[in-house]
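The values are calculated or read from the model by the stated rules, or taken from the named source; none is laboratory data. These numbers come from a predicted model, not from an experiment. For neighbour counting, all protein chains shown are included, and Cβ atoms are generated from backbone atoms with ideal geometry for every residue, glycine included.
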Amino acid sequence: LADNKTGLLTVEQQQLRSLIYPLCQVITGTIRLSPVSRYFPLRFHLVAVLNSLARASRNYVPVAHLLLDVFLDPIFQGFKPKQSTAKPPQLSVSLKLSKQALTSPLFQNVMISRTVQLIEQNLECYRFSIGFPELVFPVTTALRAFAKKTRVTQWR
């Protein structure tokens with residue numbers, strides 16, 4: 001086949017392209033294997049991988065529903081903010097959170113902001129797609145519902 005300037009794929013690129021779907025299925029299965037809130041950092045890492053696969057392959061990879069599940073978790077519903085002097089956590093180096101960290105307002109702020117960042121990255125991949133309004137509608141609906149339910153004014 002030809003080079004990238006003509007738009008045709010080489011044999012190696014075609015072989016790698018055929019592995020995108022199985023890889024996405026394995027990653028999605030890993031996320032669904034442990035849907036508890038202690039593994040949100042692992043979920044964030046895997047969703048970032050799915051976002052980069054979608055961006056590189058220019059294929060649609062559905063990950064918004066995996067991130068919207070974070071907003072439905074009960075740890076974010078009854079939370080009232082407290083003052084804390086601890087350092088902000090680094091989710092980039094952790095895969096699992098302790099039970100104490102889940103109730104910490106600082107961790108919850110970081111988890112909510114990371115979720116919003118990943119949703120933004122995911123939607124950015126499809127911003128020029130004709131189906132973009134259909135992709136954004138469930139996300140905005142879920143974010144509005146979360147803003148109504150939450151007691152934290154910073155998240156509204």
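The lone criterion from (1) modelled with pLDDT under 80; (2) outside any loop (DSSP other than H, G, I, E, B) left unmet by Leu8 is number (2). Among the residues of region 69-86, the ones that are in a loop (DSSP other than H, G, I, E, B) and either small (Gly, Ala, Ser) or at pLDDT 70 or above (or both) come to 6 in all.
Listed by first and then second residue, the pairs with beta-carbon distance under 8 Å, at least 6 apart or on different chains, first residue in region 12-27 and at pLDDT below 85, second surrounded by 12 or more Cβ atoms within 10 Å (Cβ to Cβ), are Arg17/Leu9; Arg17/Ser57. Only one entry in Arg144, Arg38, Arg55, Arg114 is surrounded by 19 or more Cβ atoms within 10 Å (Cβ to Cβ) and part of a helix (DSSP H, G or I), namely Arg114. Only one of these conditions is not met by Leu66: (1) modelled with pLDDT of 75 or more; (2) surrounded by fewer than 18 Cβ atoms within 10 Å (Cβ to Cβ). Which number is it? Leu66 satisfies every listed condition except (2). In region 28-56, the residues that are free of Cβ contacts under 8 Å to residues at least 40 places away in the same chain and farther than 19 Å from Ser113 by Cα form Cβ pairs under 7 Å with partners that are of a type outside the set (D, E, K, R) and not in a helix (DSSP H, G or I), at six or more places apart or across chains, as follows: Leu53/Val61. Scanning region 124-141 for residues that are touching a helix residue (DSSP H, G or I) at 6+ places or on another chain (Cβ under 9 Å) and surrounded by fewer than 17 Cβ atoms within 10 Å (Cβ to Cβ) yields Glu124, Ser129, Phe132, Val136, Pro138.
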